[in-house]
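Below: the structure, in structure tokens.
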Amino acid sequence: MKPLFITAIGTDVGKTIISAITIESLKADYWKPVQCGDLQYSDTEKVKNLISNTESVFHPEAYRLTQPFSPHKAADLDHTCVELEKIIIPKSSNRLIIEGAGGLMVPLNESTMVIDLIKKLDAEVILVSKNYLGSINHTLLSLLALQANNIPIRAIIFNGYRDDYTENVILKYSGISSVARIPFIEVLNKESIKRAGASIDALNL
């Protein structure tokens, strides 16, 4: 099966939480190709600490950049460059969940963006959306970018507090029918992640 690439409509939308929930639901492997900043407690470590199953494997990042900026800036400050051809998908007999950095149009270097990495990895996309003022525009533009690049959209996941006005418009104009909703999780721990997995189970990923 193709890997599932979890991306979002922007920053602080909940990619890492959704990655943990999806991994726990599928007992899948996890890979974050590019980590920017927070190397002492990286997204890989955060997800690992939220997982209960013993089957998931956590693959090392291709790039570990010290600064919490977009990859092209973080890499430059670290006197290196993120090279697309050096990001090699890990070998695994298990389903692989890939967590992106920021949104689709986040630059990896001066000529390629996250959306180019998704195409290179031949992945299907789970797009994480969150209801806030402007999220309709951000979500629909993200979906248009994926469709324009012929990237398969496996599902939209609405993360956090529900807003039917926002969600109904997005689903109407996008035509996406594979949808999950993850309510706001007050206490993040292994048990709450496991409980939230029921919404992912229903997607039949």
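Derivation of every value follows stated rules applied to the coordinates shown; laboratory data play no part. Not measured: the values here are computed from a predicted model. For neighbour counting, all protein chains shown are included, and Cβ atoms are generated from backbone atoms with ideal geometry for every residue, glycine included.
Here the 3J(HN,Hα) profile of the stretch 30-41, calculated from phi with Karplus coefficients 6.51, -1.76 and 1.60 at θ = phi - 60°, is 10, 8, 10, x, 10, 10, 10, x, 6, 6, 6, 9 Hz, Gly and Pro shown as x. Loop-located chymotrypsin sites (Phe, Trp or Tyr not before Pro) across the stretch 154-205 with a Cβ neighbour count of 11 or fewer within 10 Å are Y161, F184, with loop assigned by DSSP. Loop exposure criterion: GluC sites (Glu not before Pro), DSSP state outside H, G, I, E and B, at most 10 other Cβ atoms within 10 Å. Applied to the chain, the longest stretch between such sites is 1-109.
For the chain, a Gaussian network of Cα nodes joined below 10 Å ranks I88, I182, I156 by mean-square fluctuation, and the top entry is I88.
For the chain, the relative contact order works out to 27 percent when only alpha carbon pairs closer than 8 Å and six or more residues apart are counted. In loop segments of the stretch 80-148 as defined by DSSP, the trypsin sites (Lys or Arg not before Pro) with at most 16 further C-beta atoms inside 10 Å of their C-beta are K91. Charges were assigned to the Cβ only: +1 to each Lys and Arg, -1 to each Asp and Glu. The resulting dipole of the chain about its Cα centre is roughly 420 debye. Couplings 3J(HN,Hα) for the stretch 96-102, derived from phi with the Karplus relation 6.51 cos²θ - 1.76 cosθ + 1.60 (θ = phi - 60°), are 10, 9, 10, 9, x, 10, x Hz, where x marks Gly and Pro. Taking V187, V57, V114 in turn, the Gaussian network model of the chain (Cα-Cα springs below 10 Å) assigns the largest fluctuation to V187.
Can you list which of the chymotrypsin sites (Phe, Trp or Tyr not before Pro) found in the stretch 35-84 are DSSP loop residues with at most 11 other C-beta atoms within 10 Å? In loop regions of the stretch 35-84 (DSSP not H, G, I, E or B), there are no sparsely surrounded chymotrypsin sites (Phe, Trp or Tyr not before Pro).
Compactness ratio for the chain: Cα radius of gyration over 2.2 N^0.38 Å (N = residue count) comes to 0.96.
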